[in-house]
Number of protein chains: 2
Amino acid sequence: MKYFIIGAAGFVGSRLADRLLANKHQVTGYDNLSTGKMEFLRRAMRSKKFLFAEGDIHDRKLLTHTMKHCDFVFHLAANADVRDGLKHPGKDLKQNVVSTYYILEAMRENNIKRIAFSSTGSVYGNQTIYPTPENAPFPIQTSLYGASKIAAEGLIQAYCEGFGMTSYIFRFVSLLGKRYTHGHVKDFVEKLLEDPKSLKILGSGKKIKSYLNVSDCIDGMLLAIDKANEKINIFNLGIDDYCTARQSADWIAGYMNLNPKFIYEEGDSWVGDDNIYLDCTKMHNLGWKPKYTIKESVIETTQYLTESLVDISKWIAV
Amino acid sequence: MKYFIIGAAGFVGSRLADRLLANKHQVTGYDNLSTGKMEFLRRAMRSKKFLFAEGDIHDRKLLTHTMKHCDFVFHLAANADVRDGLKHPGKDLKQNVVSTYYILEAMRENNIKRIAFSSTGSVYGNQTIYPTPENAPFPIQTSLYGASKIAAEGLIQAYCEGFGMTSYIFRFVSLLGKRYTHGHVKDFVEKLLEDPKSLKILGSGKKIKSYLNVSDCIDGMLLAIDKANEKINIFNLGIDDYCTARQSADWIAGYMNLNPKFIYEEGDSWVGDDNIYLDCTKMHNLGWKPKYTIKESVIETTQYLTESLVDISKWIAV
């Protein structure tokens, strides 16, 4: 199989590239390196079965040309900055919705019929059902990020209906693990490196969140693509557990041998910061089970971050 | 109140303008006249309380400028061509999603906090629950039109969360009545005027559809805007009844005093042609009830079409 990974230099994309190459597949990576890092692709670049193109999805000519002869597209590129969405309200629309349209059109042009897409548990908005199943009640969006992801899901679904494509839509919880680049674990680690005595936590620290290890996530995606055979396959990818920001702060500080005072800022942490805890029965029914607990993933990520923040060369060794 | 109607020269927009003007409100209409007709605004144009600007939503400067000093925005403009979506897959994205973003930004610029939006029962995709309530299971889109409308809904919702706006999202069934411009009733009438002896019906003619009179629809919208007071208010607007294309063809032919032979084309009528029959309990609970039956609306529309197709000056008299 010849895979095309958009967002190949990112956290998930680069880990997926390594995995597919280890499984003897051919992989072409596409990334504009706006948040992706070439260091993450150092292992992949050593493989003869790997090609990389630095390009933007909005460069439709390059995208279409590079995708040629591939069998399967992983669309993992996104503006994943939920928190700052309101500072630049057009960014999610441009980078997550319009780009998805460009990708689908490039697939049509190249007669490529299968796509996997990284959506998010944020599409469920402020739900009342936890853990939230894939067929939860019709959602109401709370963030521009969630809105852009449900829009992209809808586009992909309509292309499947209209142009005979097959899709695998994965609604992720937050992912952790080596090559993790942004999110609250990074914020906490950085703050603690700067001031080991106190840690500010946005909001009450009581919102519940689920965290999946990127390695389990990739296992899950590859299994679903292998086993599921609907026209449109939608799966939650999470873990049967959750924690609060407060708990994860305890684990992080513990690993760093620190005992900071936690300071809570008043009110909600940020608009769109919903509880996220997904029902993954559909994935379990395919035979998938995550290997890492949330605590193990938080600690692995803390270890990775403390090492790579001190020594940037460690980025490439993972 | 000072209302801003986008899509003011359309079927719903022009009828709404007349109603708001009759209720002594100030109204500014905005329309690019791509499908809207100035004839529909002839009555409104006679009012001193009505202003009209011919402009495209993508002309952001004009849009923002024209919207100034308004209190409430009705966003009724759309590419409403569900059937031919696949012929130009970028059109729904541009005209229904990106434009909604431009409108929301123009509102932000002008500090306008309230918006009503014409969404569609198509956002429910191929549902299993009929009549379909607003909190039906998480939908899977079947048309680019539905995908664009759920995307626009999500954007509006995220703006409400993030920028303190209030929204009224109405999921319409198909609308009928005077100034109706496109859809299957028009197709049937035109075909019968051309060939009174036979009528081709796409698909089996057995899909169920609900039709609401535009006058009832406007009653419903105005009532909901008056009575509902959530941050995000979502209402189905339909009728507690449905018919098949076959039934409506019978009524149309009956009104035209014809007895054509019906010819069914094989297979589904078109991609995204789902059954649509909405549960409107939420609207009923506000005290709203449609006055027209489906049959009455089909016949009113047929009368309007046969008269205006014969004599274009009738367009302005309604």
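Exactly one residue out of B:Y159, B:Y130 is touching a helix residue (DSSP H, G or I) at 6+ places or on another chain (Cβ under 6 Å) and in the same structural domain as B:G36 (by TED's automatic domain parsing): that is B:Y159.
Tallying residues that are over 16 Å from A:I115 (Cβ atoms) and touching a residue at least 40 places away in the same chain (Cβ under 8 Å) within the range A:33-60 yields 9. Out of all the residues in the range B:64-80, is one or more among the basic types (K, R), touching a residue at least 24 places away in the same chain (Cβ under 8 Å) and either over 22 Å from B:L237 (Cβ atoms) or touching a His at 6+ places or on another chain (Cβ under 9 Å) (or both)? Looking for residues that are among the basic types (K, R), touching a residue at least 24 places away in the same chain (Cβ under 8 Å) and either over 22 Å from B:L237 (Cβ atoms) or touching a His at 6+ places or on another chain (Cβ under 9 Å) (or both), one finds at least one in the range B:64-80, hence yes.
Among the residues of the range B:142-165, the ones that are part of a helix (DSSP H, G or I) and either over 17 Å from the mean Cα position of the chain (by Cα) or of a type in the set (A, V, I, L, M) (or both) come to 15 in all. When B:D92 is tested against (1) out of contact with any strand residue (DSSP E or B) (no Cβ under 8 Å at 6 or more places or on another chain); (2) of a type in the set (D, E); (3) surrounded by fewer than 23 Cβ atoms within 10 Å (Cβ to Cβ), just one condition goes unmet, and that condition is (3).
Scanning the range A:195-216 for residues that are at pLDDT below 95 and among the β-branched types (V, I, T) turns up at least one hit. Residues that are among the hydroxyl-bearing types (S, T, Y) and touching a Phe, Trp or Tyr at 6+ places or on another chain (Cβ under 7 Å) occur at least once in the range B:232-242.
Does the range B:102-113 contain any residue that is in contact (Cβ under 8 Å) with a residue 24 or more places away in the chain, more than 20 Å from B:S148 (Cα to Cα), buried (at least 16 other Cβ atoms within 10 Å of the Cβ) and of a type in the set (F, W, Y)? Checking the range B:102-113: not a single residue is in contact (Cβ under 8 Å) with a residue 24 or more places away in the chain, more than 20 Å from B:S148 (Cα to Cα), buried (at least 16 other Cβ atoms within 10 Å of the Cβ) and of a type in the set (F, W, Y).
With respect to the stated conditions, A:G162 is under 29 Å from B:N135 (Cβ atoms), facing chain B (nearest Cβ under 9 Å) and out of contact with any His (no Cβ under 7 Å at 6 or more places or on another chain).
Looking at B:E105, is it at pLDDT 95 or above and within 30 Å of B:K207 (Cα to Cα)? No.
Residues in the range A:142-189 that are over 24 Å from A:A8 (Cβ atoms) and of a type in the set (A, V, I, L, M): A:L144, A:A147, A:I150, A:A158, A:V189. Residues that are closer than 21 Å to B:R171 by Cα, assigned by TED's automatic domain parsing to the domain that holds B:G162 and in contact with a Gly (Cβ under 7 Å, 6 or more places away or on another chain): does the range B:47-62 have at least one? No; the residues of the range B:47-62 include none that is closer than 21 Å to B:R171 by Cα, assigned by TED's automatic domain parsing to the domain that holds B:G162 and in contact with a Gly (Cβ under 7 Å, 6 or more places away or on another chain).
Taking the listed residues A:M38, A:M45, A:M67, the one that is surrounded by 17 or more Cβ atoms within 10 Å (Cβ to Cβ) and either modelled with pLDDT of 95 or more or more than 21 Å from the chain's Cα centre (by Cα) (or both) is A:M67, with no other qualifying. Within the range A:57-89, which residues are assigned to a loop (DSSP other than H, G, I, E, B), out of contact with any strand residue (DSSP E or B) (no Cβ under 7 Å at 6 or more places or on another chain) and under 20 Å from A:C160 (Cα atoms)? Within the range A:57-89, just A:K68 meets the criteria. Among the residues here, B:Y168 does not qualify as more than 9 Å from every other protein chain (Cβ to nearest Cβ) and either more than 19 Å from the chain's Cα centre (by Cα) or part of a helix (DSSP H, G or I) (or both). Report yes if B:A116 is hydrophobic (A, V, I, L, M, F, W, C) and within 12 Å of another protein chain (Cβ to nearest Cβ), otherwise no. For B:A116, the condition - hydrophobic (A, V, I, L, M, F, W, C) and within 12 Å of another protein chain (Cβ to nearest Cβ) - is not met.
Just checking, does the range B:174-194 include any residue being closer than 30 Å to B:K2 by Cβ, basic (K, R) and either surrounded by 19 or more Cβ atoms within 10 Å (Cβ to Cβ) or not assigned by TED's automatic domain parsing to the domain that holds B:F40 (or both)? Yes, because at least one residue in the range B:174-194 is closer than 30 Å to B:K2 by Cβ, basic (K, R) and either surrounded by 19 or more Cβ atoms within 10 Å (Cβ to Cβ) or not assigned by TED's automatic domain parsing to the domain that holds B:F40 (or both).
Would you confirm whether any residue within the range A:125-141 is of a type outside the set (D, E, K, R), within 16 Å of the chain's Cα centre (by Cα), at the interface with another protein chain (Cβ under 7 Å from one of its Cβ atoms) and buried (at least 21 other Cβ atoms within 10 Å of the Cβ)? Within the range A:125-141, not a single residue is of a type outside the set (D, E, K, R), within 16 Å of the chain's Cα centre (by Cα), at the interface with another protein chain (Cβ under 7 Å from one of its Cβ atoms) and buried (at least 21 other Cβ atoms within 10 Å of the Cβ). Of all residues in the range A:1-41, those satisfying the criterion of being among the polar types (S, T, N, Q) and closer than 18 Å to A:G220 by Cβ are A:S14, A:N23. Candidates in the range A:74-105 are the residues that are under 24 Å from A:L21 (Cβ atoms) and in contact with a helix residue (DSSP H, G or I) (Cβ under 6 Å, 6 or more places away or on another chain); of these, the one that is farthest from the other protein chains (Cβ to nearest Cβ) is A:L76.
The values are calculated or read from the model by the stated rules, or taken from the named source; none is laboratory data. From a predicted model like this one, the values you see are computed outputs, not experimental measurements. Cβ atoms come from the backbone with ideal geometry, glycine included; neighbour counts cover every protein chain shown.
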